[in-house]
Amino acid sequence: MKAFTYERARSVEAAVKAAASVQSARFIAGGTNLLDLMKLQIETPAHLIDVNHLGLDKIEPTQEGGLRIGALVRNTDLAADQRVRRDYAVLSRALVAGASGQLRNKATTGGNLLQRTRCPYFYDTRMPCNKRRPGSGCGAMQGMSRSLAIVGVSDACIAQNPSDMAVALRLLDAQVETMAQGGAKRTIPLADFHRLPGDTPQVDNALQPGEMILSVTLPKPIGGIHVYRKVRDRASYAFALVSVAAVFGQNGQARFAFGGVAPKPWRTDGADAAASQGAKAVAEAALAGARTTPHNDFKKALLRQTLASLYRQQEAQA
Amino acid sequence: MTSDGFTRRHILQGSAAATAVVPGLTQAAPPARSVSAQEGSRMMALDMKVNGRDVHLQLDPRTTLLDALREHLHLTGTKKGCDHGQCGACTVIVEGRRINSCLTLAVMHEGETVTTIEGLGTPERLHPMQRAFIVHDGYQCGYCTPGQICSAVAVLEEIEAGVPSHVTQDLDHVGWSDAEARERMSGNICRCAAYPNIIAAMRDVAGEDKA
Ligand SMILES: Cc1cc2nc3c(=O)[nH]c(=O)nc-3n(C[C@H](O)[C@H](O)[C@H](O)COP(=O)(O)OP(=O)(O)OC[C@H]3O[C@@H](n4cnc5c(N)ncnc54)[C@H](O)[C@@H]3O)c2cc1C
Ligand code: SF4
């Protein structure tokens, strides 16, 4: 790791101020993604601001009947929260499908949303990568792209967003509450939070430099049957090849969000509208405009089959 | 290596390359509790309670909890496997929860309580899980075992506390099963594949061994 200085922030305001005053400062929460990347010198912050002790670890009801999840709530605690299990089960399911018990004990809501891609070329500093080193080229496009995205990609980057939690949050129409430099607060719908790569794949999300996530809010519960299905190379402790978060409602209505297939948690109006027509129609609508490589073309069929399996399960239980 | 310069290991491990080096953790510098952002790494003071003992260290902030335990406190029971959170050999219990000690900085644990394999039990007074691993032959080479045991102890507590897992059928009814134990232990890799015996040891300690 490159040398850095470390401070434990005493207040949210102080943390945001510190981030503004030191060049290349980073917040550190669970540290499970940031330290991994710092060991590989993919991230080289000069200063770390520890945001673990700011009271942002609570889950509270909102006036609108939803929940406000503090940015520092651990993935384990969010998955185990009684209200989340009862009213937002898809979120509990997505969380426990991610990483390992040890990692979930550390990983936080904010950090999970900001975890960087698992593209193998992003991780290998000997390789070209437009996300890691803008303008250096994309090693993955002509290389080992099996795990990478098939929709929402660009000529510059085909990296996938690896988060399971974010897929469920996208399905539930979550919003991200932040504090920017100078102390101004704003709310960003999760739909607009993660960016598509375009020709600036180095920018993952809508946060400004030094902007801090304070919380994530969920609207009031929508009922229905909540499922999260993750397909991966081994039964546990692996990132998704594809994943589907779904809430099945009345009369064939359903909504869907998808992981492993796009640079952001993927949701389309078309897929939801096709719900009553079955798995094939939903998959087609979700993957409209897909651009695959010979290595990751299988994800189209895999997503269709995963949806088909979910539909069969729904029918069996109906 | 493939023609693309990737080892099979890179691909299987979700691509977090395991090529890190941790340079010069012990450069001398004047001890100071506060650091100024303009200067490079400075030593920082750290107090923790490790295995019931108060410890006081001066550390470069880069020092992971794992390196603090092994290199500074000489508690070498906790092992460094991948150093990237992918194998679980470094699992310790901090403030009652199991974590990967390789992916956290020691200075983030000021004032906290850490339990390592050495603190769970001693050769004379084994922790029930340590004894069960011996009885059920829950290891072969033994390298992953300290992490496995710390994890296993915490897993039984997590089930007790009702924390759901990926294989929990009904999110409101969390209980012991072999499948639950296997899923919850997936963050601890055993190269010798002692898995069946690890589950047997856990089943024993969970009091589910009557069948
Ligand atoms: C071996 C392994 C397997 C994994 N498997 C999965 C998996 O299957 N599914 C999955 O979804 N995830 C998986 N993960 C990723 C894991 O979920 C993330 O590492 C974790 O969620 C990151 O959270 P953190 O709190 O540790 O973030 P940190 O590492 O602390 O931070 C990550 C980033 O967010 C920034 N940040 C943190 N908090 C804030 C804040 N409040 N405001 C602004 N910026 C902030 C940091 O500056 C940093 O840039 C895996 C990780 C590992 C190591
Ligand atoms: S796909 Fe994106 S992250 Fe991967 S090598 Fe190409 S530019 Fe980098």
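The values are calculated or read from the model by the stated rules, or taken from the named source; none is laboratory data. From a predicted model like this one, the values you see are computed outputs, not experimental measurements. Here the Cβ is made from the backbone with ideal geometry for all residues, glycine too, and neighbour counts use every protein chain on show. For the accessible areas, the whole protein counts, side chains as well, though only heavy atoms, and no ligand, DNA or RNA atoms are used. Shrake-Rupley method; radii C 1.70, N 1.55, O 1.52, S 1.80 Å.
Within the stretch A:35-49, how many residues turn out to be touching a strand residue (DSSP E or B) at 6+ places or on another chain (Cβ under 6 Å) and either free of Cβ contacts under 8 Å to residues at least 24 places away in the same chain or surrounded by fewer than 24 Cβ atoms within 10 Å (Cβ to Cβ) (or both)?
Initially, the stretch A:35-49 is screened for residues touching a strand residue (DSSP E or B) at 6+ places or on another chain (Cβ under 6 Å), giving A:45, A:47-49.
Within this subset, residues satisfying the condition of being either free of Cβ contacts under 8 Å to residues at least 24 places away in the same chain or surrounded by fewer than 24 Cβ atoms within 10 Å (Cβ to Cβ) (or both) are A:45, A:47.
Qualifying residue count, the stretch A:35-49: 2.
In the stretch A:152-162, what residues are closer than 22 Å to A:A301 by Cα and surrounded by fewer than 24 Cβ atoms within 10 Å (Cβ to Cβ)?
A:G152, A:S154, A:P162
What do you reckon, is A:M165 within 14 Å of the chain's Cα centre (by Cα) and either within 16 Å of ligand 2 (Cβ to nearest atom) or open to solvent by less than 10 Å² (accessible area, probe 1.4 Å) (or both)? So that I can check it myself, show each step before the final result.
Numbers: within 14 Å of the chain's Cα centre (by Cα): yes; either within 16 Å of ligand 2 (Cβ to nearest atom) or open to solvent by less than 10 Å² (accessible area, probe 1.4 Å) (or both): yes.
Considered against the rule, which asks whether it is within 14 Å of the chain's Cα centre (by Cα) and either within 16 Å of ligand 2 (Cβ to nearest atom) or open to solvent by less than 10 Å² (accessible area, probe 1.4 Å) (or both), A:M165 comes out as yes.
Being open to solvent by 10 Å² or more (accessible area, probe 1.4 Å) and out of contact with any strand residue (DSSP E or B) (no Cβ under 7 Å at 6 or more places or on another chain) is the filter; apply it to the stretch B:85-102 and report the residue that is farthest from ligand 2 (Cβ to nearest atom).
Among residues in the stretch B:85-102 that are open to solvent by 10 Å² or more (accessible area, probe 1.4 Å) and out of contact with any strand residue (DSSP E or B) (no Cβ under 7 Å at 6 or more places or on another chain), the one farthest from ligand 2 (Cβ to nearest atom) is B:G96.
Determine which member of the set A:V153, A:V203 is among the aliphatic types (A, V, I, L, M) and touching a residue at least 12 places away in the same chain (Cβ under 8 Å).
Working: A:V203 fails: touching a residue at least 12 places away in the same chain (Cβ under 8 Å).
Selected residue: A:V153, the only one of A:V153, A:V203 that is among the aliphatic types (A, V, I, L, M) and touching a residue at least 12 places away in the same chain (Cβ under 8 Å).
This table checks each residue for (1) modelled with pLDDT of 95 or more; (2) aliphatic (A, V, I, L, M); (3) open to solvent by less than 10 Å² (accessible area, probe 1.4 Å).
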| position | (1), (2), (3) |
| --- | --- |
| B:T104 | yes, no, yes |
| B:M129 | yes, yes, yes |
| B:C144 | yes, no, no |
| B:V155 | yes, yes, yes |
| B:A161 | yes, yes, no |
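For (1) more than 22 Å from B:R131 (Cα to Cα); (2) in contact with a helix residue (DSSP H, G or I) (Cβ under 7 Å, 6 or more places away or on another chain); (3) within 11 Å of chain A (Cβ to nearest Cβ), each residue gets a yes or a no:
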position: B:A154; (1), (2), (3): no, no, yes
position: B:A161; (1), (2), (3): yes, no, yes
position: B:S165; (1), (2), (3): yes, yes, yes
position: B:D170; (1), (2), (3): yes, no, yes
position: B:H173; (1), (2), (3): yes, no, yes
position: B:W176; (1), (2), (3): no, yes, no
position: B:E183; (1), (2), (3): yes, no, yes
position: B:N188; (1), (2), (3): no, yes, yes
position: B:C192; (1), (2), (3): no, no, no
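Would you say A:Q82 is away from ligand 2 (no atom under 16 Å from the Cβ), within 14 Å of another protein chain (Cβ to nearest Cβ) and open to solvent by 30 Å² or more (accessible area, probe 1.4 Å)?
Values: away from ligand 2 (no atom under 16 Å from the Cβ): yes; within 14 Å of another protein chain (Cβ to nearest Cβ): yes; open to solvent by 30 Å² or more (accessible area, probe 1.4 Å): yes.
It is true that A:Q82 is away from ligand 2 (no atom under 16 Å from the Cβ), within 14 Å of another protein chain (Cβ to nearest Cβ) and open to solvent by 30 Å² or more (accessible area, probe 1.4 Å).
Check whether at least one residue in the stretch A:17-34 is within 11 Å of ligand 1 (Cβ to nearest atom), touching a residue at least 24 places away in the same chain (Cβ under 8 Å) and in a helix (DSSP H, G or I), and report yes or no.
For the stretch A:17-34, residues within 11 Å of ligand 1 (Cβ to nearest atom), touching a residue at least 24 places away in the same chain (Cβ under 8 Å) and in a helix (DSSP H, G or I): present.
Working carefully through the options A:L72, A:L67, A:L114, A:L95, find the one that is hydrophobic (A, V, I, L, M, F, W, C), open to solvent by 40 Å² or more (accessible area, probe 1.4 Å) and touching a residue at least 24 places away in the same chain (Cβ under 8 Å). Please lay out each step first, then the result.
On the way: A:L72 fails: open to solvent by 40 Å² or more (accessible area, probe 1.4 Å); A:L67 fails: open to solvent by 40 Å² or more (accessible area, probe 1.4 Å); A:L95 fails: open to solvent by 40 Å² or more (accessible area, probe 1.4 Å).
Of A:L72, A:L67, A:L114, A:L95, the one residue that is hydrophobic (A, V, I, L, M, F, W, C), open to solvent by 40 Å² or more (accessible area, probe 1.4 Å) and touching a residue at least 24 places away in the same chain (Cβ under 8 Å) is A:L114.
With the condition kept exactly as written, say whether any residue in the stretch A:50-59 is open to solvent by less than 20 Å² (accessible area, probe 1.4 Å), at the interface with another protein chain (Cβ under 9 Å from one of its Cβ atoms) and either over 30 Å from B:V155 (Cα atoms) or more than 10 Å from ligand 1 (Cβ to nearest atom) (or both). Steps first, answer last, please.
Here is the first cut: in the stretch A:50-59, the residues open to solvent by less than 20 Å² (accessible area, probe 1.4 Å) are A:50-51.
Now narrow it down to the ones that are at the interface with another protein chain (Cβ under 9 Å from one of its Cβ atoms): A:50.
Subsequent filtering for residues that are either over 30 Å from B:V155 (Cα atoms) or more than 10 Å from ligand 1 (Cβ to nearest atom) (or both) retains none.
Scanning the stretch A:50-59 turns up no residue that is open to solvent by less than 20 Å² (accessible area, probe 1.4 Å), at the interface with another protein chain (Cβ under 9 Å from one of its Cβ atoms) and either over 30 Å from B:V155 (Cα atoms) or more than 10 Å from ligand 1 (Cβ to nearest atom) (or both).
Report yes if some residue within the stretch A:263-278 is closer than 27 Å to B:R182 by Cβ, hydrophobic (A, V, I, L, M, F, W, C) and outside any loop (DSSP other than H, G, I, E, B); otherwise report no.
First, the residues of the stretch A:263-278 that are closer than 27 Å to B:R182 by Cβ: none.
Within the stretch A:263-278, none of the residues are closer than 27 Å to B:R182 by Cβ, hydrophobic (A, V, I, L, M, F, W, C) and outside any loop (DSSP other than H, G, I, E, B).
Filter the stretch A:226-243 down to the residues that are more than 8 Å from chain B (Cβ to nearest Cβ) and among the hydrophobic types (A, V, I, L, M, F, W, C), then identify the one that is surrounded by the most Cβ atoms within 10 Å (Cβ to Cβ).
Filtering the stretch A:226-243 for residues that are more than 8 Å from chain B (Cβ to nearest Cβ) and among the hydrophobic types (A, V, I, L, M, F, W, C), the one surrounded by the most Cβ atoms within 10 Å (Cβ to Cβ) comes out as A:A240.
Please find, within the stretch A:101-145, the residue that is nearest to the other protein chains (Cβ to nearest Cβ) out of those that are more than 16 Å from ligand 1 (Cβ to nearest atom) and of a type in the set (K, R).
A:R126
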